[in-house]
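Derivation of every value follows stated rules applied to the coordinates shown; laboratory data play no part. Please read all numbers here as calculations on a predicted model, not as lab measurements. Note: ideal-geometry Cβ built from the backbone for every residue, glycine included; neighbour counts use all protein chains shown.
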Amino acid sequence: MTQAGTMDIGEVAKAAGLPPSTLRYYEEKGLIRSVGRHGLRRLFDTAVLERLALIALGQYAGFSLAEIATMFSSDGRPQINREQLAAKAEDLDKTIRQLSVMRDGLRHAAVCKAPSHMECPTFQRLLRFAVKIRVRG
C-alpha cells in the first residue's frame, strides 16, 4: 500500500502509458523526482503525472529532453520561456510548409501522366526541393 498522494512506479507507468525504464531514465536526467520508496519500488507524488504530460507535450512539439529540463524551476514548477515557445512554433510552421510541399508533390507524382517521373517537371522540382532541404539540414 502506498502513502496517500503517492503512486509507485508501476502505477505511474500505467497511468502515463510509459515503461518504468523511461521513468527511471527521466529521474536520472532530473526531469522527475521520486519522493521515496516502498520496498524496492520508487514512489512519486501524484503531481508527477502533470509533469509527465508537460514532458510529453514538449517532446511532441520537438523539444529535446535537455530543453524540456530547463522548463522547470528547481522546485519542479513549470517555468516556460515564452520566447522559446514562439521560436519552436516558428520551427513547426517551417516544417509544416516543407511537409505540405512534399505531400503535394507526392500526390502529383502518384497521378502524373508523364511516361516517367523523371520526365515530370513537378517531380523534378520536388527532387530539387528535397536536396535543398537536406543541404539546409
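Rounded to the nearest 20 debye, the dipole magnitude of the chain is 560 debye, with +1 charges on Lys and Arg beta carbons, -1 on Asp and Glu beta carbons, and the Cα centre as origin. Against the empirical 2.2 N^0.38 Å (N residues), segment 6-80 has a Cα radius of gyration ratio of 1.04.
Between ASP91 and VAL111, the modelled label-to-label distance comes to 3.5 nm, taking each label 7 Å out from Cα in the direction of the beta carbon.
Pick from ASP75, ASP45, ASP91: which is most flexible by mean-square fluctuation in a GNM of the chain where alpha carbon atoms under 10 Å apart are linked? Of ASP75, ASP45, ASP91, the Gaussian network model singles out ASP75 as fluctuating most. Farthest toward the positive end of the dipole of segment 84-136, out of GLY105, ALA89, ILE133, is the Cα of ILE133, where the dipole comes from beta carbon charges about the Cα centre. Working note: 222 nm ellipticity from helices only, DSSP H runs with n ≥ 4, each -39,500 (n - 2.57), summed and divided by the residues of the chain, gives -19000 deg cm²/dmol to the nearest 500. Hey, if you put +1 on the Cβ of every Lys and Arg and -1 on every Asp and Glu Cβ in segment 6-80, which of PRO78, HIS38, ALA61 ends up farthest toward the positive end of that dipole? Value computed over the given set: HIS38. This model, with +1 at the C-beta of Lys and Arg and -1 at the C-beta of Asp and Glu, gives segment 6-80 a dipole about its Cα centre of some 160 debye.
Were the residues from THR46 through THR70 laid out at 0.36 nm apart, the gain over their Cα-Cα distance would be 6.5 nm. Its alpha carbons considered, the chain gives a radius of gyration followed by a Dmax of 22.4, 70 Å.
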